[in-house]
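This report refers to the structure that appears directly beneath it.
Read the figures in this text as sums done on the coordinates, not as results from a lab. Since the structure is predicted, the reported quantities are computational estimates derived from the model, not experimental observations. Cβ sites come from the backbone with ideal geometry, for glycine too, and all protein chains shown count toward neighbours.
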Amino acid sequence: MTSVLDLAPVVPVVVIDNAADAVPLARALVAGGLPAIEVTLRTDAALDAIRAIADEVPDAVVGAGTVISAARVEAAVGAGARFLVSPGWTDALLGAMQASGVPFLPGVSTTSEVVALLERGVTEMKFFPAEAAGGVPYLKSLGGPLPQARFCPTGGIGLASAPSYLALANVGCVGGTWMLPADAIASRDWARVEVLAREAAGLISSPSGD
């Protein structure tokens, strides 16, 4: 599979409370140009949602987020997740993700964590929580000494701030929720989600290194 970082400039981070919403929501995101969809394992409906999207939305590349244990790795892949994302990592979790057979983005927020992953042969990571952990200036600073590391920053990023991240040479994509407003999900306004997804998909990554 293509690297998760290269599927789309924005990866929607989805929290699904009702598994029945999963397929129409995923179809709206795909129609808007965002095929990579991270379903967080924060709700009881998450695994059923991943399974439904994997089965019924062939153009979606569905992944699992908030993967924090080997058991969650196994459950997510079993449900059809094609990539895994964690907010942080341990050696045990990293081992399980590496053994899963699907691409993964372990979460980092410090330079030492990045170096430790590079030491283990991992070059693609989630930077979380992006805004709270230093944002664009922090990632820009990492690019000098650690150019081999590439990131998907997530956490506090919106439509206005996303382009600043995408302009960095070491950022492949960003994760966000702004195209999934709570009121649109509650009212099942999938047309609005599609419009917001299309707007997000227009944020083309154009690394400048600046």
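Give the relative contact order (percent, whole number) for the range 105-210; include only Cα pairs under 8 Å separated by 6+ residues.
24
Quick one: 3J(HN,Hα) in Hz for the range 177-191, Karplus 6.51/-1.76/1.60 with θ = phi - 60°, rounded, Gly and Pro as x.
For the range 177-191, the Karplus curve yields 10, 5, 7, 10, x, 4, 5, 5, 5, 4, 8, 6, 8, 5, 5 Hz.
Around Val171, which amide H atoms from residues at least 5 apart in sequence, or from another chain, sit under 5 Å from its own amide H, with H modelled in the peptide plane?
Amide H neighbours of Val171: Phe151.
Compute the projected area of the convex hull of the Cα atoms of the range 156-204, averaged over all viewing directions, and report it in nm² to one decimal place.
Numbers: hull surface 13.7 nm².
One quarter of the hull surface, i.e. the mean projection, equals 3.4 nm².
Suppose each label sits 7 Å from its Cα in the direction of the beta carbon; what would the Arg42-Glu74 distance come out to in nanometres?
2.6
On average, how much area does the Cα convex hull of the range 14-71 cover when viewed from any direction, in nm²?
Approximately 3.6 nm², given one-decimal rounding.
By how many nm would the segment from Thr123 to Thr110 lengthen if fully extended, with 0.36 nm per residue of separation less the alpha-carbon distance?
Computed gain between Thr123 and Thr110 is 3.2 nm.
What are the radius of gyration and Dmax of the range 67-210, computed over its Cα atoms and given in Å?
16.0, 47
Can you give the Rg to Rh ratio of the range 1-151, both from alpha-carbon atoms, with Rh computed by the Kirkwood formula?
0.97
Please state the relative contact order of the chain as a whole percent: Cα pairs under 8 Å, 6+ residues apart? It would help to have the intermediate numbers written out before the result.
Details: 439 pairs, mean separation 47.1, N = 210.
With pairs under 8 Å counted, the relative contact order is 22 percent.
Label-point separation (nm) for Tyr138 and Asp55, each offset 7 Å from Cα along Cα-to-Cβ?
For the pair Tyr138/Asp55, the computed spacing is 4.0 nm.
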